[in-house]
Amino acid sequence: MSRHNLTQALKDEGRWLLAALLLLAVAAISFPGYSQNDRRYRRRKAQTEFSQAVAFNRDSLPPLSDSVLALRDSLRRVDSLFKIDSAAMQKQSSLRKPAFTGAKDSVIEVFTDGERKVFYYGDVTAKYEDMTLTADFMEYDMKTGTVYAHGTKDTLTGEIKGRPTMTQGKSSYEMDELHYNFNTRKARITNMITQQEEGLLHGHNIKMMPDKSINITNGQYTVCDLEHPHYYLQLSAAKVITKPSQKIVFGPAWPVVEDVPLPIALPFGFVPKRPSRATGLLMPTFGEENSRGFYLRDLGMYFVFGDHLDLSLTTDFYTLGSWAIDLNSRYKFNYKSNGNLSVNYSVDQTGEKGSADFFQTKNFGVTWSHQQDSKAHPGTSFSASVNFSSPSNNTYNSRSVSQALENQSSSSISWSHSWNGKMSLSINALHSQNSRDSSYAFTLPNLTFTVSRFYPFKRQNRIGKEKFYEKFSLGYSTSLQNKINFKSSEFMKDDFFDKFKNGMTHNFQIGLPDFTLFNYINVTPSVSYGQNWFFRKTEYYFDQGSNSLKTKDSGSMGAFGITQTYSGSVSASTRIYGMFNFGAAHKLQAIRHVVSPSISLSFSPEQGTSANGWRTLTYTDNTGTVRTYDYNLWAGQLYSAPGKGRSATMSFAIGNNLEAKVRDLRDTTGKGVKKIKLIDQLNISSGYNFLADSLKMNTVSMNMSTSVFGKVGISASANFDPYAIDEYGRRYNKLNFVKEGIGKALRLTNASASVSYSLSGKGHINGNDGTKTAGQNGASASSENAADYYQRIYYHPVTGEYIPGGWLYYTNPNVPWSLNINYSLSYSKSYQYTNNQLITNNRYTQTLGLSGNVKLTPRMSLNATTGYDIMAGKMTTTQLSGTFDLHCFNISVSWVPTGTWQSWSFRIAANASALSDLLKFKKNASYWDRFGR
């Protein structure tokens, strides 16, 4: 072929090749998505069919061949745009069909004659969306999407095990049989019990609808949690509605008690969902008192104000004219504060108007408790504990004997602030009262400012050992008080505000360096300085008309004065150890004695100066005799003025502690030991004033406390006077052993002692009380026979006479119990000079107290509290009480058999709070029937 022809042929082939490339480009542009969408569609369809095959039948999955795997991999490599649609998969992540797990016994599949059923045996669990179903047997029909579940009967015990239990959200249901359609979400249930607030709803034939509402025929509503309840409301038909709020609506119903229908019927009714807090009526209680007549108590309303505050307002009415109103409120603000407030006012009268025994009085009471959360205001706190009332409020308005016996109460309201622990300020309002003598004490305000101890010479960056001057420390505290004491009859009288006493005190703490002497004796020197500020003074003058001294009071805040006190002291203390060893072969192996002696010397110069308010009044009485009288302008105030005379006092104390090491008999190795405290503390203290002109020696004080075997507590104290008394009963400067002999070196002035003993028993109750049956906990029937705890007594325990047939007693030695016994003794001696004769008054007080409880059965307990005044020879207030839990009801009994507060009460009420006000009976005899004016 010529050159020309070859060139022309190549040009023609190039044109055809270029046309083919253009055609491919146009095809790629016109149909790019068809192939990709087709591949994705085929891939999704294959995956869906694969997932359904997994869900329906695990065993029907065909194995994938290598060629298919290779093809799937090659498709992925070819389709470079392939990616997982995460949003679409998230929507399809929930199970469209139920998933069955468990079936410990077996799984049987039936796919014949057009049926597609799977039978699961043994602890089966089915999960579908938010529902979980468990049972011992399940039958699943794939065609209808229905599951049938029930329990199985144990061939040995005859009991049904593995009853179906459905859990959906926070609700759980247990039943005998269940038919549930996963497609329509409807269920048909046999014998199901559902929890509705405090009540239980039993249903025999039940239908559950898709909106979770329940239709019931032949149902029961009760608050008894037994499978066969003691009492219930028989419902012919009922419906549990869940939207918009849950409630139970029922048709004709009647009450049944112990399977006996009562002749009462309700045509219809409903049980609403009980809110946790809701405004409503408070049901009253009824009763009778001989002194105040028939009564109606605690009738009122309960109010809810938001999530942080509620309030109750109740009233009491008596037919003989007494009445009362009571307000109670609670509040709580999270991370801020919480508290409660109670206010009551009453008009109390006994007897009828115009009669000789008529008496009327008005009473009030205020209690307030407030706590601030520590996170609310760091460094600042506010708290209140107020208990303020009229003197006879507890007597007339108490609801218990213990409350009526309270005669002392106190209150405090406090605000404080701290500046990083260096300084603190506290402002308080204080109150105390005694109902016996109607006395009150108020402190308004009590202000305290404190500067914590600091070391002014301490180096911040110390190098080397600490210098002695770095141990110098300073501290400061001041207190301002304004206080008044009065009787209730003096309140707001003409001179009431003049009874206020006020003052201010300043204390400066000066710490000196302490040191150790001879390596064993700790020596601590100190210096103190203080000031007292007064705002009232009292001056004396001689009145010639009456020939006596008179006082002139400046009145509250009518003057200002300052007194100063200063002193120095040094103290030394150490410890001495003594050991008595008896050898490891003895039960008592060793006794250790620890002696802690301490001695301190303090010096105070003369402070009875005119600068400290001391004055000397010189006057001539009507007989012409010149007399002098020393007094202090600030005497009788809130703070004491310094006394006259110097003092150089030595105080000493000796502490003792005694312990024993004994063999531990519970140790099986025979080498174990344990420590026993013989004497916790035995302290002796006294002092001596070297600069006093007479009576230089202080009284001798002794106190001791110990605990024997951790059960017997013993404490005692005594005070002795080393000086004798004269013929008028006054101490004078003569040692008692000089007057009475060496055998009476110290004169006993007062002493006290107390002993307390606690016993307790812990055991298991195995008697015939219905709480434990034979065979439980691996015990045999013979070992738990209740008859083992019965014994027959044939002789009278008092007369000893023979009793034909005997008496049968139930004695269970394994009951838990406790007993507390306490004894106290106090002695004091005083002297009285009357009719030229010195009379010695020795006063003794002895009391014996007992309290205990015993639990006869797990549901029955008895409690007792009593006492005996040995010197008066009579019983103190005795109270017996008992409780008996009847499962659905509770019985409580209280009895005060003797004394001023003699009373009794009996109460039976339903345990369920929803019925406690409706199903209850109370009968009592108040102590008011015996307690008069």
How would 177, 727 rank on accessible area, largest to smallest, probe 1.4 Å?
727, 177
Two pseudo-spin positions, 7 Å from Cα along C-beta at residue 288 and at residue 518, lie apart in nanometres by 8.3 nm
Kirkwood Rh over alpha-carbon pairs of region 332-408, then Stokes-Einstein at 20 °C and 1.002 mPa s: what D in µm² s⁻¹, rounded to an integer?
141 µm²/s
Once you order the gyration tensor axes a ≥ b ≥ c over the Cα atoms, which shape class does region 138-226 get: rounded for a/c under 1.5, otherwise prolate or oblate by comparing a/b with b/c?
oblate
Any residue on another chain or 5+ positions along whose placed amide H is under 5 Å from the amide H of residue 911 is listed here as 889, 890
Log entry: pair-distance distribution for region 292-448, C-alpha pairs binned every 10 Å from zero, whole % per bin is 10, 28, 30, 20, 8, 3, 0
As a percent rounded to 5, the proportion of antiparallel DSSP bridges among beta bridges in region 430-482 is 100 percent
Too-long pairs where the Cα-Cα distance tops 23 Å, listed order kept, from 711/874; 696/744; 143/243:
711/874; 143/243
As a test question: what accessible area, to the nearest 10 Å², does residue 112 have when a 1.4 Å probe is rolled over all protein chains in place?
80 Å²
Could you rank 174, 227 by how accessible they are, 1.4 Å probe, largest area first?
227, 174
Which peptide among 341-347, 434-440 comes first, and what is the full order, when sorted by highest mean count of other Cβ atoms within 10 Å?
341-347, 434-440
How big, in percent, is the set of alpha carbon pairs in region 410-487 lying more than 18 Å apart?
60 percent
Dimensionless Rg ratio for region 503-632, taking C-alpha atoms and the 2.2 N^0.38 Å reference
1.94
Need the list of lysines near residue 332 for cross-linking: C-alpha distance under 29 angstrom, and skip anything on the same chain fewer than eight residues off.
170, 273, 375
Residue 730 - accessible surface, heavy atoms, 1.4 Å probe, Å² rounded to 10:
140 Å²
Give me Rg over Rh for region 208-281, both radii from the alpha carbons and Rh done the Kirkwood way, two decimal places.
1.01
Which of the peptides 504-512, 201-209 is most tightly packed, and how do the rest follow, judged by the mean count of other Cβ atoms within 10 Å per residue?
201-209, 504-512
Cross-link partners of residue 483 among lysines (Cα-Cα below 30 Å; sequence separation of 8 or more within a chain)
362, 422, 493, 499, 501, 537, 550, 552, 644
Accessible-area value, residue 479, 1.4 Å probe, nucleic acids and ligands omitted, Å²
20 Å²
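Give the dimensionless ratio obtained when the Cα radius of gyration of region 173-313 is divided by 2.2 N^0.38 Å.
That works out to 1.36 for region 173-313.
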Here is the link list: 186/212; 97/161; 127/247; 161/239. Which ones come out longer than 18 Å on Cα distance?
97/161; 127/247; 161/239
How much space per residue, in cubic angstrom, does the convex hull of the C-alpha atoms of region 678-726 take up?
66 Å³
Find the centroid of the Cα atoms in region 547-587 and in region 391-460, then give the distance between the two in whole Å.
23 Å
For 482-492, 896-906, ranked highest to lowest by mean beta-carbon neighbours within 10 Å, the order is 896-906, 482-492
Looking at the P(r) of region 289-378, how many percent of alpha-carbon pairs lie beyond 16 Å?
65 percent
Rounded to 0.05, the calculated FRET efficiency for the beta carbons of residue 656 and residue 898 at R₀ = 41 Å is 0.40
Can you grab the distance from the C-alpha centre of region 592-639 to the C-alpha centre of region 834-872, Å, no decimals?
43 Å
Be a star and scan region 645-666 for residues whose amide nitrogen sits under 19 Å from the point 7 Å along the Cα-to-Cβ vector of residue 582.
657-666
Express in % the proportion of alpha carbon pairs of region 466-522 at distances exceeding 14 Å.
72 percent
Students often forget the sequence filter, so: which lysines lie under 17 Å Cα-Cα from residue 587 once same-chain residues fewer than 8 apart are removed?
661, 671, 674, 675, 677
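The values are calculated or read from the model by the stated rules, or taken from the named source; none is laboratory data. Because the structure is predicted, anything quoted here is derived from the model rather than measured. With ideal geometry, Cβ positions are generated from the backbone for all residues, glycine too; neighbour counts draw on all protein chains shown. Protein only, heavy atoms only, side chains kept; ligands, DNA and RNA dropped before computing areas. Shrake-Rupley method; radii C 1.70, N 1.55, O 1.52, S 1.80 Å.
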